[in-house]
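Presented below is the structure to which this report refers.
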C-alpha cells in the first residue's frame, strides 16, 4: 500500500506519506489515553473515573447500554464538552480539546451515525472541502480527482471521485467519511454504530477497511451494539455501564455472555425465554386480520416496479407474527401499505371478518391499527417536540374538549405511560431529541398504546437500541400479546424473530415464500425461505410438508 | 409549548445548545428592549404615550399579516402573496362600500349608496380566505412547493387588483368606514386593538388547542405527523386560509386607514412580514416559533423604521 504514495509535488499525497510514516513509527505510546475522566451535568453524573486507551494499529471496541456514557465520551473527544476531572493524552501529551476543529487538528476524527457529508456535492468535493487544490479562487478539477483517487485507492475503496454523494449507498457514504478522515491525517478514528444501517456484505467490506486502517497504524474505536461484530473485528473491548468504567478485556479471552454480563451487570439468560402461553393462544385461533392478495407497485425510481405482489396471510388475536426477509423483500412496504401510508394496487384487508378500506393512516388508526415505523427519527418522532406532545399526538382527541387540549388529563396519561414503560427522562417536557434510542422507541410505542390498538405493526422495533432496552421491549411485546393485542413484527435479526414470534411469514422479492410456525423456524429454514428466488419451487415445497 | 420544553431542557445538560435556544426565544425581545432604552435616552419623546401608540398603529397592519404568516412558516411553508392579496381584498372592500364593482361603475366619490361597512369587511375577508384556500390546495393537493404557489399568487392577485380597479384608486369613504382604521378607543388606536386581538387568538390557538399542536407537529416532521394519523393535507391548506384571512382583514384596515384602496397597496409587505416572523424566532424550516416572538419581531421592525 505504501508504494502507492505519490512523489509528485501534490500537497496532499505528500502529507499522506508523512502521515503513514508517522503512524508506523510510534506504536509504543498510546495514541489516545483517557484516565479517570469524569463529567457531570446538573443532576446527572454522566461519566465517573472512566479509562480508555487506544494504541496505534489497534481496533478498540467500546460497548455499553444507551446512557452508559458512550456519547458523552465521544463529545469530550470531539471537544464539545470539557472534562471535570481526569486527563486526556494524545501521544503521551496531555491535551485540552477545545472544540471540534481542535480535535481534528489533534488527529481525532469521529464518524457519526448521521453522516456529515454534503449530499449534493461529489465525493472529491466532500473529501477535499476547505483544501481544494489549485490556484486561489479556482479549483483544479483534475488535481482534485487525482488526490481523491489516491486516497480512495490507498484505502481500497471503489467509489468514483466524481460520484455525487446523494446517489451513494449508506455504506459508500460511510467510506467517503472514512476517506475524508484519513485525508485529514486522523490518527484515531471513532466510529459510532457504523454497521447499523449496513447489509452483511457491506459490513464485511467496512471491516476490510477497518483492518486496512489498523495495518496503517491508526487507532480505531468501534462503538456498536452488535456484540458479534465487536468480537469479530476488535482487539480489545472497553465496557461502560451507567457512566462507570467496568473493564477492559482482550477479545481473545472473552465471549458474548461475558460482555453482556459486564454491560448489564446481570446475565441475560432470561433474554429469550420460551413463551408457554403462545401455545395456548394458537390453540384457540381468533382471526383479527386477514390480508388477501395485497399488491403494490412503484418506487421512486420506477413507477411500474413490483414492490410486492399477491401477499396473503392471517393474524390471530394475541399473536406475534414475524415478517422475515432480506433487504428489498418488501417487508416495510407491506406494513406501510396495510397502515394506509402507501397506496395499494390491489387486494383486500379484512379486520375481524369485515372488509375494510384503509386509504390513510387516519383510517388505520380508527380501525385500531398502529405503526411503529422503521426509522424512529424520520418517521416516528417529532424531534422538535417534547415527550408529552409526541406521546399524545395520535390520541390527542381523547384529551381535547372544544378544540382545547386538556393538559392535566394529557399529563396524567403521559406520566402513566412513562411509568409503565419505565421511560428514563428528566420529565415529560423534555424534548425527545435528548433521549437515548431505547427511550425514544418507548415513546413511539407509548404513542400507539395510547390509542389502544388491536393490531400493532412494529418495523424493526429494536434497531439501534441497547441490549437492556431491547429486553424491555421484548417483554413489553409479550405483555401486549398476552393482553390480546396482535403484533406484526419486522426484524432483520433472525434470532430475534425466532425467539419472539408465534409464526413467521417469509418474503422474497415481494412474494410470500413460506410461513413457519414456532418450532419450524430456525436460522437455516428462515434463510432458506428468505432466499427462494424461483417461485415455481416454492409451490412444490409448499405441497411437500 | 416550545417555551416550556426549551426552558426545561435549559436546566439539564447541553449548555451550549440551550444558549442558542434561549437567544432564539428571547434574543429579539432583549434587542427590542435595548433599542427602546437607547431611543428613549436619545429622545425622551420616544417614550411618550402618543409616540408609542403611533408606532404600534404603524405596525398593526404588518402585525395582523405576520400572525397569519407565522402559521404558514410553522408548517415549513411561506406565503409571498400577502401584499398582493391585501391590495386586492382592500379594493373589493372599497367597492362594496361604494356600492359598485370597481371605480368605473361608481359615480362621483362618496355619492353612491353602498352595501355598508360590515358587508365590506366580510367581502374583504372572503376574498382573502378564497385566495388563501386556492393557494393552500395548490400546496397540499397538487404538492407544488409553497414558494412557487405563493409567488404565482403574488402576481395573480396583483393582476386581479389591477383588473378590478382599472388602475385607479378608490377613495374618499364615509366616516363609518374610516373609523376602524383611523379611530381610537380612549388613547388606543383601533387597528392596534385589532392587531392585539388577532395576535391573542393566534397565540391561544397555537398554544392551547389541538389544532395548534397539529401545526407544530406537521412543521416538525410531516412524515411522522402523517403516520400519527394527522390530516396533513387539510392542515396545510388551513394555514394558507388563515394567512388569507389576515390579508383580507388587513386589506380592509389599510384602505380604511389611508381612506383609499389602491392597486399598488402593500407592495413589498411580504418581505417585512416574513422578516418580522423570522426575527421573532420562528424557524423557516417549520415546527418552532411562537406568536409572542412574531409580535416582538414586528415591533422591532416598527421601532427601527420609525426612529
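For the stretch B:248-269, the criterion of being without any contact (Cβ under 8 Å) to a residue 60 or more places away in the chain and in a helix (DSSP H, G or I) is met by no residue. Within the stretch B:275-295, being more than 14 Å from chain A (Cβ to nearest Cβ) and surrounded by fewer than 23 Cβ atoms within 10 Å (Cβ to Cβ) holds for B:275, B:278, B:279, B:292. Within the stretch A:522-531, being in contact (Cβ under 8 Å) with a residue 40 or more places away in the chain and more than 23 Å from the chain's Cα centre (by Cα) holds for A:529, A:531. Checking the stretch A:412-429 against the condition returns a match, with at least one residue being in contact (Cβ under 8 Å) with a residue 60 or more places away in the chain and within 12 Å of chain B (Cβ to nearest Cβ). Can you find a residue in the stretch A:292-299 that is buried (at least 19 other Cβ atoms within 10 Å of the Cβ), within 31 Å of the chain's Cα centre (by Cα) and either away from every other protein chain (no Cβ under 14 Å) or modelled with pLDDT under 90 (or both)? Yes. When the stretch A:334-343 is filtered for residues that are part of a helix (DSSP H, G or I) and within 14 Å of chain B (Cβ to nearest Cβ), the ones remaining, listed by number, are A:335, A:336, A:337, A:338.
Whether any residue in the stretch A:123-131 is touching a residue at least 12 places away in the same chain (Cβ under 8 Å), surrounded by fewer than 16 Cβ atoms within 10 Å (Cβ to Cβ) and assigned to a helix (DSSP H, G or I) is what I want to check. The answer is no, given that none of the residues of the stretch A:123-131 is touching a residue at least 12 places away in the same chain (Cβ under 8 Å), surrounded by fewer than 16 Cβ atoms within 10 Å (Cβ to Cβ) and assigned to a helix (DSSP H, G or I). Read through the list (1) under 17 Å from the mean Cα position of the chain (by Cα); (2) within 11 Å of chain B (Cβ to nearest Cβ); (3) touching a residue at least 60 places away in the same chain (Cβ under 8 Å), then give the number of the only condition that residue A:437 fails. Unmet condition: (2).
Every residue, every condition in (1) under 27 Å from the mean Cα position of the chain (by Cα); (2) within 14 Å of another protein chain (Cβ to nearest Cβ); (3) on the phi > 0 side of the Ramachandran plot; (4) outside any loop (DSSP other than H, G, I, E, B), yes or no:
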| site | (1), (2), (3), (4) |
| --- | --- |
| A:120 | yes, no, no, no |
| A:134 | no, no, yes, no |
| A:147 | no, no, no, yes |
| A:150 | no, no, no, yes |
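For (1) away from chain A (no Cβ under 14 Å); (2) modelled with pLDDT of 85 or more; (3) part of a helix (DSSP H, G or I); (4) exposed (fewer than 13 other Cβ atoms within 10 Å of the Cβ), each residue gets a yes or a no:
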{"position": "B:6", "(1), (2), (3), (4)": "no, no, yes, no"}
{"position": "B:9", "(1), (2), (3), (4)": "no, no, yes, no"}
{"position": "B:18", "(1), (2), (3), (4)": "no, no, yes, no"}
{"position": "B:27", "(1), (2), (3), (4)": "yes, no, yes, no"}
{"position": "B:36", "(1), (2), (3), (4)": "yes, yes, yes, no"}
{"position": "B:41", "(1), (2), (3), (4)": "yes, yes, yes, yes"}
{"position": "B:50", "(1), (2), (3), (4)": "yes, yes, yes, yes"}
{"position": "B:63", "(1), (2), (3), (4)": "yes, yes, yes, no"}
{"position": "B:70", "(1), (2), (3), (4)": "yes, yes, yes, no"}
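If we scan the stretch A:322-329, do we find a residue that is free of Cβ contacts under 8 Å to residues at least 60 places away in the same chain and either more than 8 Å from chain B (Cβ to nearest Cβ) or over 24 Å from residue A:198 (Cα atoms) (or both)? For the stretch A:322-329, residues free of Cβ contacts under 8 Å to residues at least 60 places away in the same chain and either more than 8 Å from chain B (Cβ to nearest Cβ) or over 24 Å from residue A:198 (Cα atoms) (or both): absent.
For the stretch A:358-374, taking the residues that are more than 9 Å from chain B (Cβ to nearest Cβ) and on the phi < 0 side of the Ramachandran plot, the one that is surrounded by the fewest Cβ atoms within 10 Å (Cβ to Cβ) is identified as A:359.
The rows are residues; the columns are (1) crowded, with 21+ Cβ neighbours inside 10 Å; (2) within 15 Å of the chain's Cα centre (by Cα).
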| residue | (1), (2) |
| --- | --- |
| A:168 | no, no |
| A:172 | no, no |
| A:181 | yes, no |
| A:185 | no, no |
| A:188 | yes, no |
| A:191 | yes, yes |
| A:196 | no, yes |
| A:203 | no, yes |
| A:207 | no, no |
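Taking the stretch B:128-244 and the helices (runs of 4 or more DSSP H) fully enclosed by it, the elements with 1 or more residues that are in contact (Cβ under 8 Å) with a residue 40 or more places away in the chain, under 30 Å from residue A:408 (Cβ atoms) and away from chain A (no Cβ under 14 Å) are at B:190-208. You will find that of B:271, B:300, the residue that is in contact with a helix residue (DSSP H, G or I) (Cβ under 6 Å, 6 or more places away or on another chain), on the phi < 0 side of the Ramachandran plot and away from chain A (no Cβ under 14 Å) is B:300 and no other.
The values are calculated or read from the model by the stated rules, or taken from the named source; none is laboratory data. All values reported here derive from a predicted model rather than from experimental measurement. Cβ atoms come from the backbone with ideal geometry, glycine included; neighbour counts cover every protein chain shown.
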